[in-house]
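So the structure is just underneath, and the comments pick up after that.
The values are calculated or read from the model by the stated rules, or taken from the named source; none is laboratory data. All values reported here derive from a predicted model rather than from experimental measurement. Cβ placement follows ideal geometry from the backbone for every residue including glycine, while neighbour counts extend to all protein chains displayed. Note: areas computed on protein heavy atoms with side chains; ligands, DNA, RNA excluded. Shrake-Rupley method; radii C 1.70, N 1.55, O 1.52, S 1.80 Å.
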Amino acid sequence: ATANFDIDAEDGWVAVTSEGVDFIRIRSNTPNHAFFVTTGSSTPANTVIGFKQMCDEFWCDVPVGDNFYVRLAENVPQNTRIDVFYIPTPATP
């Protein structure tokens, strides 16, 4: 699955998946600005810092059952686009 998100710093944590994944790649169109990634079964609190991604891409190739969330720092340009590609975890029969 592929999804694109226009995110602003004031949006807080934004869900970029709604199911478990076996692989995910998250990219920013502003590679010189950090973004943050975390996982959870519900939207994280604003106090959650997450994993700071300093280059233009984050990826994970192990199964994760929770949703992925992205937030931006205050100094990131408005309407930064986050592109997400993921392979959902197959449903068990």
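For beta carbons closer than 6 Å, sequence separation of 6+ or different chains, a first residue in region 16-42 that is over 17 Å from GLN53 (Cα atoms) and a second that is open to solvent by less than 10 Å² (accessible area, probe 1.4 Å) and not β-branched (Val, Ile, Thr), the qualifying pairs are THR17/PHE68.
When THR30 is tested against (1) of a type outside the set (Asp, Glu); (2) loosely packed, with under 15 Cβ neighbours inside 10 Å; (3) part of a loop (DSSP other than H, G, I, E, B), exactly one condition is not met: (2).
Specify the residue that is modelled with the highest pLDDT; the eligible residues are those in region 38-63 that are over 23 Å from PRO90 (Cβ atoms) and not in a loop (DSSP other than H, G, I, E, B). Per the criteria, the residue is THR38. For beta carbons closer than 6 Å, sequence separation of 6+ or different chains, a first residue in region 74-89 that is more than 11 Å from SER28 (Cβ to Cβ) and a second that is of a type in the set (Gly, Ala, Ser) and surrounded by fewer than 14 Cβ atoms within 10 Å (Cβ to Cβ), the qualifying pairs are TYR86/ALA1.
ALA9 satisfies every condition listed in (1) without any contact (Cβ under 8 Å) to a residue 60 or more places away in the chain; (2) more than 10 Å from the chain's Cα centre (by Cα) except (1). Residues of region 24-34 include at least one that is small (Gly, Ala, Ser) and in contact with a Ser or Thr (Cβ under 7 Å, 6 or more places away or on another chain). Filtering region 33-77 to residues that are open to solvent by less than 60 Å² (accessible area, probe 1.4 Å), small (Gly, Ala, Ser) and closer than 22 Å to GLU19 by Cα leaves GLY40, ALA45, GLY50.
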